[in-house]
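Input: a single structure, listed below in structure tokens.
Any read-out appearing in this document is the output of simple, stated calculations on the displayed coordinates, not a laboratory observation. Note that the coordinates shown come from a computational prediction; the quantities given were computed from them, not determined experimentally. Counting neighbours? That spans all protein chains shown, and the Cβs are built from the backbone with ideal geometry, glycine included.
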Amino acid sequence: MKLDVTSEARLVGLKASFLWRLRVFFALAAAIGWKVTITSGRRSAAQQNRLHALDKRNPPAGGSSHEQGRAADLNATKAGVMLLKATPKPVWEASGLPFLMKLCGLRWGGSAFSTYYDPVHVDDL
Ligand SMILES: [Zn+2]
């Protein structure tokens, strides 16, 4: 399933087996009414270092699955509800999206990291 043009541009360079899982996830999310948009996909080392400089919870270059094309960050909307980085975990969980990620063999950033709640992140690690 294809997303909006901007989101599709951000999927360029992702590892094929990760992208296949993401596309199944997008279709399942759409089936329960969620519109997914991609805010970040594959990153260069320089891009990763800039994010690390802004927020030390983001790993420096060499430490992110985004650099390997194995991660994406996403937001989702449904009936006026927006799921963003600042959205509390119970709201994300109630959306069903973390469950669908797991079903697709994806790892949700809202529960993947012991010291960093990053619910917009999904990867195949
Ligand atoms: Zn991420």
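Tabulated results
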| quantity | calculated |
| --- | --- |
| Selection count where residues are surrounded by 15 or more Cβ atoms within 10 Å (Cβ to Cβ) and over 14 Å from residue 109 (Cβ atoms), scope the stretch 42-75 | 10 |
| The stretch 99-125 residues that are among the β-branched types (Val, Ile, Thr), paired with ones that are in a loop (DSSP other than H, G, I, E, B) (beta carbon under 8 Å, 6 or more apart) | 115/57; 120/84; 120/85; 122/106 |
| Test: residue in the stretch 22-38 that is buried (at least 16 other Cβ atoms within 10 Å of the Cβ), within 14 Å of residue 119 (Cβ to Cβ) and within 16 Å of the ligand (Cβ to nearest atom) | yes |
| Top-ranked residue in the stretch 109-123 [being buried (at least 21 other Cβ atoms within 10 Å of the Cβ) and either in contact with a Phe, Trp or Tyr (Cβ under 7 Å, 6 or more places away or on another chain) or hydrophobic (A, V, I, L, M, F, W, C) (or both); ranked as nearest to residue 65 (Cα to Cα)] | 122 |
| Number of the exception - residue 58 against (1) away from the ligand (no atom under 16 Å from the Cβ); (2) free of Cβ contacts under 8 Å to residues at least 12 places away in the same chain; (3) in contact with a Leu (Cβ under 9 Å, 6 or more places away or on another chain) | (1) |
